[in-house]
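Structure first, commentary second.
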Amino acid sequence: MACGTVAPMDVPVIDISAWVGATRTAPGSELESARALAAEQLDRACRGTGAFLVTGHGLRPGLLDELEFASREFFALDTEEKSLVSMDRGGRAWRGWFPLGGELTSGVPDHKEGIYFGRELDRCDPRVATGVPLHGPNLFPERPEALRGLVLEAMAALDTLGRALLAAMGSALGLGPDHFDRHVTRDPVVLMRVFHYPAVVDPEPSGRSWGVGEHTDYGLLTLLHQDHTGGLEVHTPRGWVEVDPVPGTLVCNLGDMLERMTAGRYRATPHRVRTPTQDRISIPFFLDPSWDTELMELPLAPEATPSPATRRRWDGTDLSELRGTYGEYLVSKVSKVFPALRDDAGI
């Protein structure tokens, strides 16, 4: 398949509008039928590539474009001003800005800078007071002034969307639409990052061709806004496929925890990002299990036809062997991404 072409069977576009909102369905209603269709399409995508495009997501029109614009304003500031909200000032909360090359994937510096956000918690919150990692107040820059409000609005909207997707997946898995809310995401770990990939117009022949190398995300769902430049690639059963930007949609890919909890029925999505020839902005939002969720399989009914085995994971990890809590897993992974910050924070 030619680079840049998205085959619908690989990365389908799924209308999730029937699951957005709290409307109860009546048996045999048109809404119930629409929900069943969306759940079936999600189930098929999650068992295959583990990636799809979401439409009918219910986000305010223009919200993510406004956030992208404000983010470009922030990244255009000089290093001294961006450093006022650097991650070392966030401590164990791991919030704030990091410079180009400041984040690692498989030990290799990424070709990007970024800023980390999470659920806004004040210092009186028990988790913050006791030093639970990745919990705390955000570090918002003074400029651009609009960034704070846009980040908080986007996080709230994407949290709602992510829960709608999990409700549909719970239904598709035969668990019921409220299973994840009751047992997995009672108090989810919610993170959002904004990344800036500076353009590399004329890279040296020996230079790296990847802004971020192959990896999978750690939690349940990632919802991604990518700008017009593209560059995201996902690994499918037929090889690597570029996911071109489609206006009005969000990319959704699955994380390690959905693969772990479904015993491989749902597939964590290996993905990577090409080094761009134009400045690129991407905004991933991560909806993850509660911090203290035990890593175990969901109570799924046996299947007559098990899901086909997937290729060996990019990092060689056997997710079925993972034990403990999601918080422990997340700290172990993020500590490898920011080793210096791990040491400074005493984690």
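The values are calculated or read from the model by the stated rules, or taken from the named source; none is laboratory data. Fair warning: this is a prediction, and the values are worked out from it, not measured in the lab. Every residue, glycine among them, receives a Cβ derived from its backbone with ideal geometry; neighbour counts consider all protein chains shown.
Laid out as a table, the results:
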{"item": "Top-ranked residue of the range 278-293 - restricted to ones that are under 21 Å from V184 (Cα atoms) and under 12 Å from the mean Cα position of the chain (by Cα), ranked as surrounded by the most Cβ atoms within 10 Å (Cβ to Cβ)", "result": "D288"}
{"item": "Tally, over the range 249-267, of residues that are of a type in the set (G, A, S) and modelled with pLDDT of 95 or more", "result": "1"}
{"item": "Near pairs, Cβ below 7 angstrom, 6+ apart or cross-chain, from the range 96-110 (crowded, with 16+ Cβ neighbours inside 10 Å) to any residue that is in a loop (DSSP other than H, G, I, E, B) and of a type in the set (A, V, I, L, M)", "result": "G96/L139"}
{"item": "Some residue of the range 237-258 being of a type in the set (S, T, Y) and crowded, with 21+ Cβ neighbours inside 10 Å", "result": "no"}
{"item": "Of all residues making up the range 116-167, the number that are over 15 Å from the mean Cα position of the chain (by Cα) and in a loop (DSSP other than H, G, I, E, B)", "result": "21"}
{"item": "Subset of the range 75-97 (residues that are among the β-branched types (V, I, T) and more than 15 Å from R148 (Cβ to Cβ))", "result": "T79"}
{"item": "Complete set of residues in the range 111-148 that are closer than 25 Å to D78 by Cα, small (G, A, S) and surrounded by 22 or more Cβ atoms within 10 Å (Cβ to Cβ)", "result": "G114"}
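Conditions tested, residue by residue: (1) over 21 Å from L161 (Cβ atoms); (2) in contact (Cβ under 8 Å) with a residue 12 or more places away in the chain; (3) more than 21 Å from the chain's Cα centre (by Cα); (4) not in a helix (DSSP H, G or I).
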site	(1), (2), (3), (4)
V54	no, yes, no, yes
G58	no, yes, no, yes
P61	no, no, no, yes
D65	no, no, no, no
A70	no, yes, no, no
E73	yes, yes, yes, no
E80	yes, no, yes, no
L84	yes, yes, yes, no
D88	yes, yes, yes, no
